[in-house]
Each structure stands twice: as C-alpha cells, then as structure tokens.
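I have placed the structure first, in the form of structure tokens, so that the comments after it can refer back to it.
The values are calculated or read from the model by the stated rules, or taken from the named source; none is laboratory data. Just so it is clear, the model here is predicted, and its values are computed rather than measured. All Cβ positions, glycine included, derive from the backbone under ideal geometry; neighbour counts span all protein chains shown.
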Amino acid sequence: MLEACVFATILCGFFGIIFKKNLVMKIISMDVMSTGVIAYYVLIASRDGLFTPILSNANRGNYADPVPQAVILTAIVIGFSIQALMLVGVMKLARDNPTLETSEIEQNNTP
Amino acid sequence: MSTLTIIWIALPFFVGFISYLLPRFDRIFSLGVAIASTGYALWLYTQPPLKLQLLDNFGVTLLLDPLSGFFILTNGLVTAAVILYCWNSGKTAFFYMQTIILNGSVNAAFACTDFISLYVALEVISIAAFLLIAYPRTDRAIWVSLRYLFTSNVAMLFYLVGAVLVYKASHSFAFAGLRESPPEALALIFLGLLVKGGIFVSGLWLPLTHSESETPVSAMLSGAVVKAGVLPLVRCALLVPEVDPLIRGLGVGTALLGVGYAVFEKDTKRMLAFHTVSQLGFILAAPEVGGFYALTHGLVKSALFLIAGVLPSRNLKELQHQPIHTPIWIALVIASFSISGFPLLSGFGAKVLTMKSLLPWQVIGMNTAALGTAISFAKLIFLPHQKQEKQGKIQPGFWAAIALLIGGLFLANIAYYEAYSFENIIKPLATIALGWLAYFLIFRQTTVKLPRLLEQFDHLIGVMSLMLILLFWMVLA
C-alpha cells in the first residue's frame, strides 16, 4: 500500500514535468518526483525494522537498514543544490520571458 | 599504488578550489592537473588492474584497469587541449575551476564500480557542465544549460529508483549486483545512463546542447563528458553477459540514428554533435574494445569542434563560397580522415578493431553507419581553401591544442599496428570512396531538412517514458 503511494508520487511528479507549461511549475514537479524517490529509499530501509540504528545496550527490536538512508542523504543534498541552481537560472530567464512558459522560452532561444 | 589513486581522484577538486583562491595561477594549476591525470592513465597500463574498497563494506569501490585507462587518458588529453585553447582568451578563474572540477568528476565516474558513487559523480558532472555551458550568461546559454540540467536530473531520479532496487535484491550497490536484480531495476538504471551518455533517442538533447555551447565547452562535452555515461554501460555489458546483446543492439541503433541525422545536416557544429551520438554507438557496439574507440573519438571530436570554432561560418552552404585558410583546412582534413577510418590515423585502427569484434547480426548496420560517416565528412573535406595573407582572429592557443590532439591521433595509431594487413586497408578505403561517390551524386544537392520536433524540451522528457517501456520490454525478452 505504502509502496503504491510512493510510486503514485513519483508518477505525479513525472506527469507534472510533462504537462505543466510553466518552468517554475516544472521544477516543483521535479521536486515532487524526487520526494517520491526519497520516500522509496526510506521505505526500503524500513523493510526489517523501524528503530534508528544507534549502538546502545538496550535491545529495542529490529533496526532499520542504515545504508539506504545514508545514501539518500547524499542524494537529497545534491537534489537541493541542483534545484537552487535551476531557480537562479529561472530568475535570469524571467527578465526577458516574464511568463516563463517553456514553449515561449524555447522558441526565443533555439536557432 | 592505492595512495596514488586516491590522490589522483582528490587532486582536481582540491586544486580547483585552490585555484579559485589564487586566480593568478588558475591556468597553470588546471593544466598541471590535466597533465598529471594523463600521466596517471599512461602509468595504469604498466600496472595490474587495481580494485579498491574504501570506507568499509558499503563504501566506495573503484576499479582501475586498462579499459578505464583509455577513458581517463582521453579525458586528460581533451582537458589539456581545451585549457591550451583558452590560454589567452581572458576566461576567468571560475571557468578554469569548473573545467578542472568537470575533469575530476568525469575521472571519478570512470573509476567507480558502484551505483551510488557513479550517481554522485554524474550529478557533479551535471552541475559543472551546467555552469560551463551557462558561462556566457546570455539567455540562450542559460536556457540550453537549464534544459541539460533538467533532463539529466530527471533521468537520474529514475536511476536512483533502479539503484535501490539493486540494493534490495543483492544488499550491495556494486555493478555486479545487477545480475540478481529484477528486470525493472535494469531498465531504470539503463534509462539514466542512456540519457546521461546521449545514446539512442534518449540522447537527442545532445545535438542542441553541444552545438550551442562555446567552442571549448563543446569540445570538452563531446570529447570526454558524454563518455561518463557510456563506460558504466560497457562495464555492465562485460560484467553481466545477459545484458551484452541489449547494449550491442542499442549501439547499432545509436550509430544509425546519429549518422542518419548527420548526413542531412547543414550546420557544422550540429553535424559534429550528431556524429558524437553515432560514434558513441560504435563504442557500445563492441564493448570489449570500446576503450580504444573512445580514445580515438575523444581526440578527433574535440579537435573537430575546436576547428569548427575558427571557421568563418557555421553554415556549410556559406562555407562553400568562403575559402578557409589552408593550414586550418589541413588540420580539418586530417581529423576528418581519422574519423572516416583512413589508414595512418588511429581512427583506422579503432574501426578495424571494432568491426572485428562485431557479432554477425551487427555487421550490416555498422558498415552502413561507417559509410554514413564517410559521406558526411566529405562535406568538410571538400570545402574550398586558399592561403590567406590576412589572418583572421585565431585563438593563440589554437595550434597548441590542435597539435596535441592530432599528435595523439598519430601516436595512438602506432599502438595498434597489427591492424595493417592488406584486406584491413582495402575495406575502409572502399568505404570512403563509396561515401564520397554518394556525396557527389546525391547528398551535395539535397536540401532535406529533418524536423527538430523530438529535440523539444517536452518531448525529451516524454521520450524517457517511452524508452523506459522499450528497455523493460527488451530486458524481459
């Protein structure tokens, strides 16, 4: 069930990228999609247990797998910095293309 | 040896940031790193393959063998040539810093053998390439780079889902885990790599990006950066025999698609970009010998892009009425001969080697692609030329860069001297003759203009979903 929700999020984001006309909306859709991917990593990490894997004496049950979580942390940071870069690019483009519609920008800027 | 490898991986990033702090030495620093990386690649050939596992069980794994040596060598030489080309062009420290970081991240992508290190390397490549393409700060440059970053980032999201599926199946992110993973993991990961490497229809972002960038940036992108997506595919094909036919098939498809667009193209830089697509197909068509082909292609394509930057016009129709300076024309002809597979240049050895390793069902497709290459480079070879008294504006570093790249082509040719047998020499000559004949009879007059519909931004993203379905179906079959 959760897995289906996660995939629905990824697909929603992907279709948003295709069907939204505005560049900012496309970037937000991409963010939705990457949220879905991150959630999927967390879901996979919690296959065997839910507890945070911290070394201690008390036995609290099954631990979550730390590897996917550690990996997705890197991906979150990268995704965040790419988004920041894109938004700066959009700001620059917005001066000459105030509507920020991709079809318009593309028409103005392809030879 | 492992210490040296770690220093080699870290050096470009370290020096990149240092050179931003000491902008006076930016060029020397970045050239030094490129030369060091080239030296390291040459040294790799004298060593047995090195496998490194850093940071415990789930950490970074690196593999350095002669195959990655070819790719690293390409990257080092192309970077050195680009820096020489830019030597007196007044580029800021920022440009050199990004160049050297791009060089470092491409090297990292060549060395690693697990999906997460590869992901990080590919994303750093995206960011550095974005900044380099957007360097002129014009609206067009920003749009082209934004389009590049967006496309590759969406592809990498699919790739990430594939990577976690591999982890789920085999409890490791290593390439070898692909064998036990479900077909959807394979399809998702390959989608990411195909888009990143500019292969088949998912690589149609490449022509616009490479042709609209500045000259040195397109040389760097076409010569080295796209190969960061190709080497992992080659490695997967060698590691997991089940995917080998899939990769070979995609190679043939890519070679034909790129050539098909290129023969009708009337713009020099776009033609070269389409040829990058087609040559990547040659690398994938015979994965076990792809390294040598990648080296040859990297050298020749960056030389061609640098030369195209100093031609008086980009339009081939205009160039036919505007004679080019003879020395430039000679360099252009040498490079075009190499890529068409003419003996004495390393393009010949690479083509012979690739053609020898093809499977029977690939032969027709690849020979057609080779013929197409000869046809479209006839367009450049038969341009008018004359000795000009008044030199146009040529970058001072231009000749140094060209000498490095074309010298590399001659030297790499010696490395594989076994290719010189009678029938091996006859075949490429016949292909080239046939290509030139076809050019004069048919293609010189044609004015067909292929539609650019598939290169539109929305279609690039849409094609990804189609490609995913195609890959899934191919993996299942």
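Any residue in the range B:446-463 that is of a type in the set (Gly, Ala, Ser) and more than 14 Å from every other protein chain (Cβ to nearest Cβ)? No, because not a single residue in the range B:446-463 is of a type in the set (Gly, Ala, Ser) and more than 14 Å from every other protein chain (Cβ to nearest Cβ).
For the range B:41-55, filtered to residues that are farther than 17 Å from residue B:81 by Cβ and out of contact with any strand residue (DSSP E or B) (no Cβ under 9 Å at 6 or more places or on another chain), the residue that is modelled with the highest pLDDT is B:43. Among the candidates B:272, B:359, the residue that is surrounded by 19 or more Cβ atoms within 10 Å (Cβ to Cβ), in contact with a Lys or Arg (Cβ under 9 Å, 6 or more places away or on another chain), touching a residue at least 60 places away in the same chain (Cβ under 8 Å) and not acidic (Asp, Glu) is uniquely B:272. In this structure, residue A:89 qualifies as of a type in the set (Gly, Ala, Ser), at the interface with chain B (Cβ under 7 Å from one of its Cβ atoms) and either part of a loop (DSSP other than H, G, I, E, B) or surrounded by 17 or more Cβ atoms within 10 Å (Cβ to Cβ) (or both).
Scanning for something over 30 Å from residue B:235 (Cα atoms) and assigned to a helix (DSSP H, G or I), does the range B:279-287 turn up at least one residue? Looking through the range B:279-287, none of the residues is over 30 Å from residue B:235 (Cα atoms) and assigned to a helix (DSSP H, G or I). Scanning the range B:37-66 for residues that are crowded, with 17+ Cβ neighbours inside 10 Å and hydrophobic (A, V, I, L, M, F, W, C) returns B:41, B:44, B:52, B:58, B:60, B:62, B:63, B:64. Among (1) within 10 Å of another protein chain (Cβ to nearest Cβ); (2) exposed (fewer than 12 other Cβ atoms within 10 Å of the Cβ), which single condition is residue A:56 missing? Of everything listed in (1) within 10 Å of another protein chain (Cβ to nearest Cβ); (2) exposed (fewer than 12 other Cβ atoms within 10 Å of the Cβ), residue A:56 misses just condition (1).
Note on the range B:137-185: residues that are aromatic (Phe, Trp, Tyr), over 21 Å from residue B:458 (Cβ atoms) and at the interface with another protein chain (Cβ under 9 Å from one of its Cβ atoms) total 2. It is to be established whether one or more residues within the range A:85-104 are under 14 Å from the mean Cα position of the chain (by Cα) and of a type outside the set (Ser, Thr, Tyr). Scanning the range A:85-104, I find at least one residue that is under 14 Å from the mean Cα position of the chain (by Cα) and of a type outside the set (Ser, Thr, Tyr), so the answer is yes.
Within the range A:26-49, being of a type in the set (Gly, Ala, Ser) and either facing chain B (nearest Cβ under 7 Å) or under 25 Å from residue A:90 (Cα atoms) (or both) holds for A:29, A:34, A:36.
For the range A:92-111, the tally of residues that are assigned to a helix (DSSP H, G or I) and either within 7 Å of another protein chain (Cβ to nearest Cβ) or touching an Asp or Glu at 6+ places or on another chain (Cβ under 9 Å) (or both) stands at 8. Determine if the range A:57-65 includes at least one residue that is acidic (Asp, Glu), farther than 21 Å from residue B:166 by Cα and touching a helix residue (DSSP H, G or I) at 6+ places or on another chain (Cβ under 8 Å). Checked against the condition, which is being acidic (Asp, Glu), farther than 21 Å from residue B:166 by Cα and touching a helix residue (DSSP H, G or I) at 6+ places or on another chain (Cβ under 8 Å), the range A:57-65 yields no hits at all. Going through (1) out of contact with any Leu (no Cβ under 8 Å at 6 or more places or on another chain); (2) under 13 Å from residue B:207 (Cα atoms); (3) of a type in the set (D, E, K, R) one by one, residue B:317 falls short only on (2).
With respect to the conditions (1) at pLDDT below 95; (2) more than 22 Å from residue B:124 (Cβ to Cβ), residue A:80 falls short on a single one, namely (2). Residue B:127 passes every criterion in (1) free of Cβ contacts under 8 Å to residues at least 24 places away in the same chain; (2) farther than 30 Å from residue B:402 by Cα apart from (2).
Of all residues in the range A:1-24, those being within 12 Å of chain B (Cβ to nearest Cβ) and assigned to a loop (DSSP other than H, G, I, E, B) number 2.
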